[in-house]
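K.L.:
The structure's right below; bear with me while I get my questions together.
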Amino acid sequence: QKNDENQTEGNPNQRTIEILSEMQRYYEMLKDTWRSLGYRKAIAILKRQDHKIKFANEARELPGIGDRIATKIEEIVRTDRLRRLDYTKMDPEDEALRLFLGIYGVGGVKAQKLVDAGYRTLDDIKAHVRLTSSQRIGIEHYEDFQQRIPRDEVKQHGDIAMRVAHQIDAELKLEILGSYRRGAKDCGDIDIMITKEGVGAYAITEILRELVEKLFEIDFLQCALAIPRGSDNGTKWHGASKVSSGPWRRIDFLVVPWPERGAALLYFTGNDIFNRSLRLLASKKGFRLNQSGLYKDVMRGRDRAKFTDGVLVESESEEKIFEILGVPYRPPEHRIC
Ligand code: DCP
Ligand code: MG
Ligand code: MN
């Protein structure tokens with residue numbers, strides 16, 4: 001079986017994929033979720049082709065590629081570039097927006113405010129803007145955090161965390177999720193799930209606190225970073241780690257109660273688009289899926305807003321969640337949309 005996540009190299013559509021990826025990042029930066037999603041889908045489909053797609057009508061035949069992108073694919077193959085892209089690249093405001101969105105802890109609203117205020121470079125804002133300490137670290141380590149982390153280095157970070165965790169408690173279960181579990185050859189960050197049989201979330205959170213302290217002591221962890229607003233329920237820890245003299249890497253720990261490990265595994269393996277489509281499918285079948293479980297009998301009002309959480313159907317096993325949803329099990333390597 002081919003690994004979807006690793007296929008750009010040597011793919012006959014590599015150049016097309018590169019340029020479409022730039023477009024996708026551009027729309028993502030503009031918060032144009034709809035277009036960004038369209039590009040992501042097209043890219044995923046092209047990655048699976050074993051011959052070069054040269055013509056618009058050929059591209060249009062592929063499920064999930066619409067007229068607009070089909071036309072662009074032909075243009076890229078014909079001219080080795082995309083007019084729209086050259087044009088967008090020249091806009092300094094867009095460049096600045098893209099730059100600022102790359103700072104840890106800076107979201108769309110803040111980035112746009114900085115651009116509107118006339119700032120264009122990291123030095124600009126470092127000198128003139130009041131920033132949170134996380135944002136400041138995000139700037140200091142901008143280059144580090146932008147770099148992809150080679151797969152074997154992700155493993156090294158995971159191994160260190162695991163070794164120290166097991167010194168604290170040999171029964172802790174740690175697993176690297178995110179793009180690593182999907183088999184990616186490089187990752188944006190290191191996502192580690194921590195769980196333990198027979199203890200509640202609170203006890204695991206206490207263990208995480210101890211683990212973090214120990215990992216600072218051995219100079220593995222370098223800093224803590226603020227958790228994005230709205231997602232902090234005490235079960236997450238964000239920061240940076242390094243191995244030997246390597247660059248700082250983004251690392252995320254998440255505490256998962258043992259009974260929820262299947263749903264958490266599913267959620268934190270992603271990717272985010274796959275999650276979104278699975279959640280949508282669940283809701284069409286009358287379920288609700290989130291990182292803690294699959295629920296039924298969710299009462300919804302207008303606009304599908306939910307009134308009640310419903311009844312837990314399954315959360316321990318990833319496979320069972322697929323089964324109940326009536327979807328064939330998909331191995332992590334194939335969970336990209
Ligand atoms: N996730 C999600 N929706 C989000 C953010 C995250 O469903 N808005 C889930 C799916 C992701 C997982 O959490 O796969 C981990 O999030 P990351 O941001 O670390 O993304 P990945 O590990 O998938 O990719 P990367 O290599 O960029 O870290
Ligand atoms: Mg990740
Ligand atoms: Mn992450």
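The values are calculated or read from the model by the stated rules, or taken from the named source; none is laboratory data. In this text, all values refer to a predicted model and were calculated from it rather than measured experimentally. Cβ atoms come from the backbone with ideal geometry, glycine included; neighbour counts cover every protein chain shown.
K.L.:
Counting just the residues of region 226-253 that are within 13 Å of ligand 1 (Cβ to nearest atom) and at pLDDT 95 or above, which one comes out surrounded by the fewest Cβ atoms within 10 Å (Cβ to Cβ)?
P.N.:
Asp252
K.L.:
So if I check each of Lys47, Lys110, which one is farther than 30 Å from Glu333 by Cα, within 23 Å of the chain's Cα centre (by Cα) and not β-branched (Val, Ile, Thr)?
P.N.:
Only one candidate passes the filter, namely Lys110.
K.L.:
Considering only residues that are over 14 Å from Phe253 (Cβ atoms), without any contact (Cβ under 8 Å) to a residue 40 or more places away in the chain and either of a type in the set (Asp, Glu) or within 14 Å of ligand 2 (Cβ to nearest atom) (or both), which ones fall in region 181-227?
P.N.:
Asp186, Cys187, Glu217, Asp219
K.L.:
Let me ask something else. How many residues does region 102-115 hold that are assigned to a helix (DSSP H, G or I) and touching a residue at least 60 places away in the same chain (Cβ under 8 Å)?
P.N.:
Within region 102-115, residues that are assigned to a helix (DSSP H, G or I) and touching a residue at least 60 places away in the same chain (Cβ under 8 Å) number 1.
K.L.:
Find the residue count for region 120-161, including only residues that are farther than 12 Å from Cys223 by Cβ and either in contact with a Pro (Cβ under 7 Å, 6 or more places away or on another chain) or among the aromatic types (Phe, Trp, Tyr) (or both).
P.N.:
Final tally of qualifying residues: 3.
K.L.:
Would you check if there is a residue in region 122-141 being over 21 Å from Val212 (Cβ atoms), assigned to a loop (DSSP other than H, G, I, E, B), basic (Lys, Arg) and over 17 Å from the mean Cα position of the chain (by Cα)?
P.N.:
yes
Yes or no, residue by residue, for (1) closer than 24 Å to Pro247 by Cβ; (2) surrounded by 16 or more Cβ atoms within 10 Å (Cβ to Cβ); (3) free of Cβ contacts under 8 Å to residues at least 60 places away in the same chain:
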{"site": "Phe100", "(1), (2), (3)": "yes, yes, yes"}
{"site": "Arg148", "(1), (2), (3)": "yes, no, yes"}
{"site": "His157", "(1), (2), (3)": "yes, yes, no"}
{"site": "Met162", "(1), (2), (3)": "yes, yes, yes"}
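K.L.:
Sticking with this structure for a sec: More than 15 Å from Asn271 (Cα to Cα) and either near ligand 1 (Cβ under 10 Å from one of its atoms) or assigned to a helix (DSSP H, G or I) (or both) - does that describe any residue in region 167-189?
P.N.:
Yes, that holds for at least one residue.
K.L.:
Here's something else I'd like to know. How many residues are small (Gly, Ala, Ser) and either out of contact with any strand residue (DSSP E or B) (no Cβ under 7 Å at 6 or more places or on another chain) or over 20 Å from Ile176 (Cα atoms) (or both) when one looks only at region 195-249?
P.N.:
So the answer is 10.
A quick yes/no check of all residues on (1) of a type outside the set (Lys, Arg); (2) within 15 Å of ligand 3 (Cβ to nearest atom); (3) farther than 19 Å from Val199 by Cα:
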| position | (1), (2), (3) |
| --- | --- |
| Pro150 | yes, no, yes |
| Val154 | yes, yes, yes |
| Arg163 | no, no, yes |
| Glu175 | yes, yes, no |
| Ala184 | yes, yes, yes |
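K.L.:
Somewhere in region 55-77, is a residue surrounded by fewer than 17 Cβ atoms within 10 Å (Cβ to Cβ), part of a loop (DSSP other than H, G, I, E, B) and among the acidic types (Asp, Glu)?
P.N.:
No, that holds for no residue.
K.L.:
Okay, moving on. Are any of the residues in region 233-245 among the aromatic types (Phe, Trp, Tyr) and within 16 Å of ligand 3 (Cβ to nearest atom)?
P.N.:
yes
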